[in-house]
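**Student:** The structure's right below; bear with me while I get my questions together.
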């Protein structure tokens with residue numbers, strides 16, 4: 001099986017990779033590992049970073065370092081980088097109707113812009129398939 005060389009990650013996939021990698025299917029963990037080693041690339045939508053911030057503030061997840069330090073040390077290393085929100089993402093998100101979750105809709109809009117698979121286990125996304133998905 002050949003893994004895609006460029007992907008976008010949903011929030012839960014990134015959080016699980018950081019905090020509980022055993023929750024990930026083997027091929028998903030493998031793509032994250034490949035990105036950490038520079039053999040593949042993963043975009044982290046800025047909205048995913050925001051959602052992680054909210055989870056940290058709510059005490060639902062913990063990182064080994066403060067968020068700013070963690071992002072600087074891990075999200076710009078090798079082939080993992082932040083994907084900034086652009087006006088076209090907001091316009092595209094406005095036209096998407098697969099979910100009521102504004103984070104998910106914006107993540108999909110950003111994924112469509114860069115035209116690569118989205119790493120997600122989200123049931124609503126897998127049901128509606130608003131973009132190319134990568135999980136099982």
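**Student:** Once the Cβ-Cβ distance between residue 37 and residue 87 is put in as r, and R0 is 35 Å, what FRET efficiency do you end up with, to the nearest 0.05?
**Tutor:** 0.55
**Student:** If you don't mind, another one. Select from 93, 41, 65 the residue whose mean-square fluctuation is largest in a Gaussian network model of the chain (Cα-Cα springs shorter than 10 Å).
**Tutor:** Comparing 93, 41, 65 in the GNM, the peak value goes to 65.
**Student:** Right, next: State, as an integer percentage, the relative contact order of the chain based on alpha-carbon contacts under 8 Å between residues 6 or more apart.
**Tutor:** Dividing the mean separation by the residue count of the chain yields 30 percent.
**Student:** Which of the peptides 8-21, 112-125 is most tightly packed, and how do the rest follow, judged by the mean count of other Cβ atoms within 10 Å per residue?
**Tutor:** Packing order, densest peptide first, comes out as 8-21, 112-125.
**Student:** Shifting gears a bit: If you build a Gaussian network model of the chain, linking Cα atoms that sit under 10 Å apart, which residue out of 85, 107, 42 swings the most?
**Tutor:** Among 85, 107, 42, the largest mean-square fluctuation in the Gaussian network model of the chain belongs to 85.
**Student:** Here's another thing I want to ask about it. Name the most mobile residue of 95, 53, 81, meaning the one with the largest mean-square fluctuation, in a Gaussian network model of the chain with Cα contacts below 10 Å.
**Tutor:** 95
**Student:** I've got another one for you. Over 10 Å intervals from 0, what percent of Cα-Cα pairs in the chain sits in each interval?
**Tutor:** 12, 45, 36, 7
**Student:** How far apart, in nanometres, would the label points at residue 64 and residue 50 be if each is projected 7 angstrom from Cα along the Cα-to-Cβ direction?
**Tutor:** 2.9 nm
**Student:** So if R0 is 22 Å, what FRET efficiency would residue 29 and residue 128 give, r being the distance between their Cβ atoms, rounded to the nearest 0.05?
**Tutor:** 0.30
**Student:** Can you classify the range 9-60 as rounded, prolate or oblate using the Cα gyration tensor, where a ≥ b ≥ c are the square roots of its eigenvalues, rounded means a/c under 1.5, and otherwise it's prolate if a/b beats b/c and oblate if not? Walk me through the intermediate numbers first.
**Tutor:** Working: a/c = 2.72, a/b = 1.54, b/c = 1.77.
Because a/c hits 1.5 or more and a/b fails to exceed b/c, the range 9-60 counts as oblate.
**Student:** When the helices in the chain are scored as -39500 (n - 2.57) per DSSP H run of 4 or longer and the sum is shared across all residues, what 222 nm value do you end up with, to the nearest 500 deg cm²/dmol? Before the final figure, lay out the partial values.
**Tutor:** Working: 7 runs with 68 residues, N = 136.
Result for the chain: -14500 deg cm²/dmol, rounded to the nearest 500.
Read-outs throughout are calculated quantities, based only on the coordinates presented, and are distinct from any laboratory measurement. These numbers were taken from a predicted model, which means no experiment stands behind them. A quick note on method: Cβ atoms are made from the backbone with ideal geometry, for glycine too, and the neighbour counts reach across all protein chains shown.
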